[in-house]
Amino acid sequence: MQRTISLLLLTWILTLGGAFFIGKSTHPSTTGQDSELLRPESRTRPSSPRRSPRTGRHASGQTSLPLLSDNTRVTDILVRRPPRQAVVELARLVDPVERAKGFLALVSSLEDDDFEGVVADFRALGMTDQRMSEYAILLHAWGKVNPGRALEYAMEHTGTAFAKQAILASWAAEAPEAALEFARSNHEGDAANPFLLGVIRGVAPQDLGRATDLLQELPYGDERGKALRAMLPYVMETGVDGAINWTANLADDRLRSGALTFILSDVSKSEPEKAATLMAGLKDRETAKRVADDIGASLARRDLDRAISWSEALQPDIRSEAVEGVISLYASQDAEAASRWLESLSEETNLDAAIRRFAWNTQSREPELAANWVHRMTDERRRNEMYYGVLSQWLRSNASAARAWIDNTPGLPERVTALPERLDRRSRGLGGGR
């Protein structure tokens with residue numbers, strides 16, 4: 001039983017870490033904002049419940065807790081080191097699984113007044129991407145033991161919403177209304193309340209309906225998108241049909257469209273035919289266009305001929321997105337055949353996005369074919385970007401052929417015709433920018 005629990009906890013850790021890395025590029029830093037949004041002396045603070053005392057490893061030099069690791073180094077750290085030293089040594093372990101097991105055992109042994117020092121010493125090591133999963137474990141455990149002090153610490157010492165949201169998610173799983181009252185009373189203004197995201201993450205696994213109501217309180221924007229993505233695993237537990245029905249209860253059109261996009265994209269990974277059928281039934285053409293790329297790519301991986309015929313049967317605006325999804329695999333298998341297919345579609349389909357995919361997939365093997373297609377892109381800015389990428393590589397691999405193509409192709413902008421000279425000057429250390 002202990003082993004089963006350990007494995008489940010490890011799965012949760014790895015999932016949380018993965019979610020952080022995926023969302024990092026859309027998680028803007030808010031350094032400086034927290035002190036303005038969260039003044040503890042003028043905001044509602046949560047109560048600070050304490051656990052009942054128990055014998056801790058660091059008090060007696062022994063542990064009565066079942067260790068989650070068979071690694072003797074981890075065991076030695078947990079048994080022989082005080083908490084603040086243990087967290088530093090565990091953080092420096094190379095094996096991520098053993099490190100995670102060690103952190104799970106460590107937080108199980110900590111008393112209320114241990115957490116602040118442990119978290120501070122861990123943060124002092126430097127908050128790298130690789131340490132965010134262990135950081136989440138510490139915050140989650142502290143939020144269970146003393147959410148009040150944990151949030152005070154986060155408000156005073158952290159510059160982004162990550163820590164506060166992690167603590168609120170842990171607290172909301174145990175006491176949703178108290179966590180929600182804190183989230184609402186510690187936010188001012190009309191902008192999206194970032195603390196609601198933490199509450200939603202904690203509530204969704206247990207009460208999807210309540211989480212849905214909170215989701216709909218958020219205005220359109222980044223926070224709502226993150227909340228929606230956090231909820232979708234639990235929405236999908238109701239099955240595909242249940243998930244689609246769930247979206248029907250979302251009052252905001254953009255929120256409903258975003259939810260459908262995420263759901264159909266997820267379904268397309270394992271059941272592309274089902275996703276294609278669901279897409280065909282959508283009344284919202286914008287949603288259909290957003291998912292056609294993913295569905296086309298998934299269908300192509302299963303059956304390229306089927307993907308080609310499916311995309312050809314779509315309306316032109318949706319077809320252009322579907323072709324973008326199909327063309328990468330097609331071009332990698334047979335560039336000439338893929339080129340002929342694009343040619344057959346070119347009169348009534350905007351192919352700019354598909355051409356970009358085609359060019360990236362063929363520029364190494366068939367640079368002239370890639371360049372010829374880039375020349376047919378309609379968006380000037382995108383076309384010039386692709387010229388630079390394709391021709392730069394071609395000039396490095398076969399300068400004479402690339403120069404001949406440039407010399408013999410009419411209508412090229414000056415920045416493209418000058419590219420050989422710029423690259424030559426750069427290679428000789430004489431400067432010359434992009």
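Being under 29 Å from residue 161 (Cα atoms) and without any contact (Cβ under 8 Å) to a residue 12 or more places away in the chain is the requirement here; does residue 237 meet it?
Values: under 29 Å from residue 161 (Cα atoms): yes; without any contact (Cβ under 8 Å) to a residue 12 or more places away in the chain: yes.
Criteria met by residue 237.
Let me confirm something: among 311, 298, which residue is touching a Lys or Arg at 6+ places or on another chain (Cβ under 8 Å), assigned to a helix (DSSP H, G or I) and closer than 15 Å to residue 338 by Cβ?
When all the criteria are applied, what remains is 311.
Right, residue 370: modelled with pLDDT of 90 or more, crowded, with 17+ Cβ neighbours inside 10 Å and farther than 22 Å from residue 342 by Cα or not?
no
Taking residue 116 and the conditions (1) without any contact (Cβ under 8 Å) to a residue 40 or more places away in the chain; (2) of a type outside the set (Ser, Thr, Tyr); (3) within 24 Å of residue 210 (Cβ to Cβ), which numbered condition does it fall short on, given that it satisfies the others?
(3)
So which residues in segment 205-234 are more than 18 Å from the chain's Cα centre (by Cα) and aliphatic (A, V, I, L, M)?
Correct list: 208, 211, 214, 215, 218.
State whether the residues of segment 232-251 include one that is within 21 Å of residue 143 (Cα to Cα), assigned to a helix (DSSP H, G or I) and not aromatic (Phe, Trp, Tyr).
No: zero hits.
Do we find a residue being part of a helix (DSSP H, G or I), over 25 Å from the mean Cα position of the chain (by Cα) and closer than 24 Å to residue 402 by Cβ anywhere in segment 319-331?
Yes, some residue in segment 319-331 is part of a helix (DSSP H, G or I), over 25 Å from the mean Cα position of the chain (by Cα) and closer than 24 Å to residue 402 by Cβ.
Considering segment 84-97 alone, what residues qualify as being closer than 20 Å to residue 126 by Cβ and surrounded by fewer than 21 Cβ atoms within 10 Å (Cβ to Cβ)?
Residues satisfying the conditions are 84, 85, 88, 89, 91, 92, 93, 94, 95, 96.
Could you grab the pairs with beta carbons closer than 9 Å, sequence gap of 6+ or different chains, first residue in segment 404-426 and under 18 Å from residue 382 (Cα atoms), second one surrounded by 13 or more Cβ atoms within 10 Å (Cβ to Cβ) and basic (Lys, Arg)?
Taking only residues 6 or more apart or on different chains, the pairs are 413/383; 415/422.
With respect to residue 338, is the statement that it is more than 22 Å from residue 379 (Cβ to Cβ) and buried (at least 18 other Cβ atoms within 10 Å of the Cβ) true?
In short, no.
If I filter segment 157-190 down to residues being in contact with a Leu (Cβ under 9 Å, 6 or more places away or on another chain) and surrounded by fewer than 18 Cβ atoms within 10 Å (Cβ to Cβ), which single residue comes out as farthest from residue 134 (Cα to Cα)? Give the derivation first.
Our first condition is that a residue be in contact with a Leu (Cβ under 9 Å, 6 or more places away or on another chain); within segment 157-190, this holds for 161-172, 179-180, 182-184, 186-189.
Next, only the ones that are surrounded by fewer than 18 Cβ atoms within 10 Å (Cβ to Cβ) stay: 184, 187-189.
Values: 184: 28, 187: 28, 188: 31, 189: 33 Å.
So the residue we want is 189.
Considering only segment 316-356, how many residues are within 26 Å of residue 280 (Cβ to Cβ) and free of Cβ contacts under 8 Å to residues at least 12 places away in the same chain?
Count: 2.
The values are calculated or read from the model by the stated rules, or taken from the named source; none is laboratory data. The structure displayed is predicted, hence computed values, not measured ones. Here Cβ is always computed from backbone atoms with ideal geometry, including for glycine, and neighbour counts include all displayed protein chains.
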